[in-house]
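The values are calculated or read from the model by the stated rules, or taken from the named source; none is laboratory data. Please read these numbers as outputs of a predicted model, since none were measured by experiment. Here Cβ is always computed from backbone atoms with ideal geometry, including for glycine, and neighbour counts include all displayed protein chains. The accessibility values were calculated without ligands, DNA or RNA, using every heavy atom of the protein model including side chains. Shrake-Rupley method; radii C 1.70, N 1.55, O 1.52, S 1.80 Å.
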Amino acid sequence: MDPLEQPALERLLAERACERLVLDFVHRLDLGEPGSVADLFTEDGVWRWPEGDRLVEGRAALRAYFGGRPADRLSRRMMANVLVTVDSPTQARATSYFTTYRVDGHTGGMVPAGPPVQIGHYEDTFRGVDGQWLLSTRTLFLPLGGPTPRQRPSAA
């Protein structure tokens, strides 16, 4: 079906559902349970980072990959320019930009802000499954990045 033939409200709801997945992904990584981002993907979902030669396929592998994040990592991701295109009643795609601030070795409290460690974008595909939109693929493009700094222990 031509996306323009799709009812406007249906298309708008699909766009919003996909945009929410983009935002929920980073929210779960930063403030929730990182391994739970796997629940936002289809059963055969894929996360890839071509430049880093990383490819994670399937919900169980995604749960292990994202759940393996260091417990002492403090991060905040800023998402912007989320552009969702609905291609059919069950297919959509999006591009979104992100900036990541993070530090390892966090033991609590406020940390002095440093520069971002990553600036890039995601290219996503979504699939409607049983009336729910889910990420089918997420590809990371990282033109600007560096190492994650480690917080120094405070002097007691």
Worksheet, complete the sentence: Computed Rg/Rh for the stretch 1-83 (Cα atoms; Rh = Kirkwood radius) stands at 1.05
Item to complete: Would you give the gap between the C-alpha center of the stretch 62-100 and the C-alpha center of the stretch 126-156, rounded to a whole Å?
Response: 6
Fill in: Loop-located GluC sites (Glu not before Pro) in the stretch 13-53, at most 16 other Cβ atoms within 10 Å (DSSP)
Glu51
Worksheet item: Roughly how many percent of the accessible protein surface of the chain is carbon and sulfur, given a 1.4 Å probe and a whole-percent answer?
Response: 55
Worksheet entry | Accessible area per residue in Å² at 1.4 Å probe, computed on the stretch 1-109 | 55
